[in-house]
1. Outside the structural domain of residue B:44 (by TED's automatic domain parsing) and either closer than 25 Å to residue B:401 by Cα or surrounded by fewer than 21 Cβ atoms within 10 Å (Cβ to Cβ) (or both): which single residue out of B:107, B:156 fits that description?
2. Among the residues of region B:68-88, which ones are in a loop (DSSP other than H, G, I, E, B) and out of contact with any strand residue (DSSP E or B) (no Cβ under 8 Å at 6 or more places or on another chain)?
3. In region A:60-78, what count of residues is obtained for those that are surrounded by 19 or more Cβ atoms within 10 Å (Cβ to Cβ) and farther than 15 Å from residue A:222 by Cβ?
4. Within region B:307-323, does at least one residue satisfy the condition of being touching a residue at least 12 places away in the same chain (Cβ under 8 Å), within 14 Å of chain A (Cβ to nearest Cβ) and either within 14 Å of residue B:147 (Cβ to Cβ) or surrounded by fewer than 22 Cβ atoms within 10 Å (Cβ to Cβ) (or both)?
5. Condition first: surrounded by fewer than 24 Cβ atoms within 10 Å (Cβ to Cβ) and not polar (S, T, N, Q). Now tell me which residues in region B:110-133 satisfy that.
6. Answer yes if at least one residue in region B:375-393 is within 18 Å of residue B:153 (Cα to Cα), in a loop (DSSP other than H, G, I, E, B) and either of a type in the set (Gly, Ala, Ser) or more than 20 Å from the chain's Cα centre (by Cα) (or both), and no otherwise.
7. Go through B:201, B:193 for me and flag whichever is of a type in the set (S, T, N, Q), in contact with a Phe, Trp or Tyr (Cβ under 7 Å, 6 or more places away or on another chain) and farther than 21 Å from residue A:225 by Cβ.
8. Output the helices (runs of 4 or more DSSP H) that fall wholly within region A:1-111 and possess 2 or more residues being touching a strand residue (DSSP E or B) at 6+ places or on another chain (Cβ under 9 Å), or say none.
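The values are calculated or read from the model by the stated rules, or taken from the named source; none is laboratory data. Since the structure is predicted, the reported quantities are computational estimates derived from the model, not experimental observations. Neighbour counts run over all protein chains shown; Cβ positions are idealised from the backbone, glycine included.
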Amino acid sequence: MFTIFGIPGPLLFGQLLLGLINGAFYAMLSLGLAVIFGLLNIINFAHGALFMMGAFVAWMLLNYAGIGYWWALLLAPLIVGAFGLVLERTLISRLYKLDHLYGLLLTFGLALVIEGLFRNEYGSSGMPYQIPSALQGATNLGFMFLPNYRGWVVVAALVVCLATWLLIEKTKLGAMLRAATENAPLVQAFGVNVPRMVTLTYAGGVALAALAGVLAAPIYSVNPNMGSSFINTVFAVVVIGGMGSIIGSVLTGFGLGIIEGLTKVFYPEASATVVFVVMAIVLLTRPAGLFGKAA
Amino acid sequence: MNRVQPSRRQVLGGALLATGFVGRATRAARPVVRIGVLGDQSGPYREIAGPGALACVRQAVAEFGAGSFDIEILVADHQNKPDVGVALARQWFDRDGVDMVTDLTNSAVALAVAQVARAKNKVAVAAATGTTELTGRQCSPNAVHWSYDVYMLARSTALQMVRNGGRSWYFVAADYVFGRQLQGESAATVEASGGKVLGTSFYPFPGTTDFSSFLLAAQSSGADVIGLANAGADLVNSLKQAHEFGLSRRMHLASLSGFICDVNAVGLEVAQGLNLTASFYWDLNERTRAMTARVRPTMPNHAPPTMAQAGTYSGTLHYLRTVAAMGLPAARDGAATVARMKAMPCDDDAFGGFRLRADGRVLVPAHLFRVKSPAESRGPWDYYTKLATTPPDEAAPPLGRGCVLVKE
């Protein structure tokens, strides 16, 4: 068996692949954040709580309505997205003219309220949620057993990221969205309903978080705090990728997943810190982030 | 004749008023013992003790019945912050006349509150506390330690599993005091009983959600047993992911600090085969079943008590019996009450007959359980099969360890 830096090769490849899988979650979550920040200029701190809601809605659908994983994949983002729509209309839309800081404070408060409500109702131990039967089992890749579900997560995340990027960069709707962020009054003058577009964008970003939540439900503990453990890393991903850059957040999400995976092999104690070390280095050398445009 | 009939509301009001007066009259004549339940009502340890511990304390009070004094129960949330816990305990002791605090989830809070109890000469009955310091260097004449500590959990699990053939171990441990102490105690036990420790991954706490890297490293080490030195959501995540990677089919999984609520959280499909230690399980014998049947209607979600919750029941009952035996003016002296608690034999439905040691540690046996498969389980909460029992003297940490109450 060959070794790399004293680590057996198969173990290293296994860890790289696991890093890629975690990167898929980072990419999906930071994608939603980047879309919301890019188009609304809101730093959505409630993103982790909405991710958690996605997982919980999947659990509720299964336990209260008997609706399984595959339908939850569609329904949970719709339900949580609708919730995001209400949030945007009633609360967040009042802050567009104010400093970023107010949006951050509001969404942070919302996150605490949402998580508190769920904790009050469901406790903090978490809820069981099984891997769907079609994706149970594992495939032998030679260097590791890859659980089929994890493979599915990577594929699903890649498809979703690509689709979002195409939607925003290559379609007419995307072009209007991007134009509205540059100069909203002008786009409105052309007869486009900008406030409605912004509302739907927020709902879309929220739906992405909820989708990631449903994908996460079978492998992570479905508990009210599940989002807060992700959100710090995801914000670092967005900052490194460049605030508001979609392609940046996706590539950085996958990249950081891999870096984190490698750190877990060589020095596990530092695996939670390494993301922030990278963030500090990037901010020192490229303050706008890897893919961001300097303001 | 035109008689005025009193309306239903007037009759009810009059009755309430009357009982109110009667109640006040008797209360003035009878002394009151106040018990404070200080726990985590809203955070990560809510399920381990929390509202369920309060239900168990109420059950103990109900079973104690009418003595020569009245009993009041107060409850508060320390939010896992020692400063909040200390402020609440001070207020209870100074202003509200609380005689005894129990629950005390979270080791840091328990140690801090035990010091307040000592300064005010009250009683602290820690029943949901992991640290062995409470009966070691920081032991106090005003505190007793019920149910379990990390030593018992680590030692019973490691000892019995090595005896059952799990000779080589790999640990996945949370990188903070709790995880390091659990890992340390278990690794020492494994090696002392002839087993081998092949490796350990200390992962950053908090903030780790993906354990697959560490589990994979454990798998490639070829160990017989993976020892999980973590708790709560971390434990749930590790179990889910171990199941996902099929580890539980090839290796034995041992949780060094698992509770029945954690097993409930992941479900039997995922948790099956897991080994863990507890000093109380609802289905252990006739008496535990009887106690569980009595308390379940008032428990959150009608769950059976965890060993921490059973500890608040048992501790409260023993405290009240001691107070009754001493008589009330004398039992206001916390240190004297604790000394009497240690002298009196304990007996209740949760733990059977047992006693308290000089350092305040309760001496109860520790049972190693294996989690049943969904097919083996006969119904809700039928989760454990008992594999082995470690006798009380072996399960408790060695006497002494810097405790001034123990005469060398």
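1. When all the criteria are applied, what remains is B:156.
2. B:68, B:79, B:80, B:81
3. Matching residues across region A:60-78 total 1.
4. Checked region B:307-323: at least one residue is touching a residue at least 12 places away in the same chain (Cβ under 8 Å), within 14 Å of chain A (Cβ to nearest Cβ) and either within 14 Å of residue B:147 (Cβ to Cβ) or surrounded by fewer than 22 Cβ atoms within 10 Å (Cβ to Cβ) (or both).
5. B:111, B:112, B:116, B:118, B:119, B:120, B:133 - these are the residues of region B:110-133 that are surrounded by fewer than 24 Cβ atoms within 10 Å (Cβ to Cβ) and not polar (S, T, N, Q).
6. no
7. B:201
8. A:9-40, A:47-65
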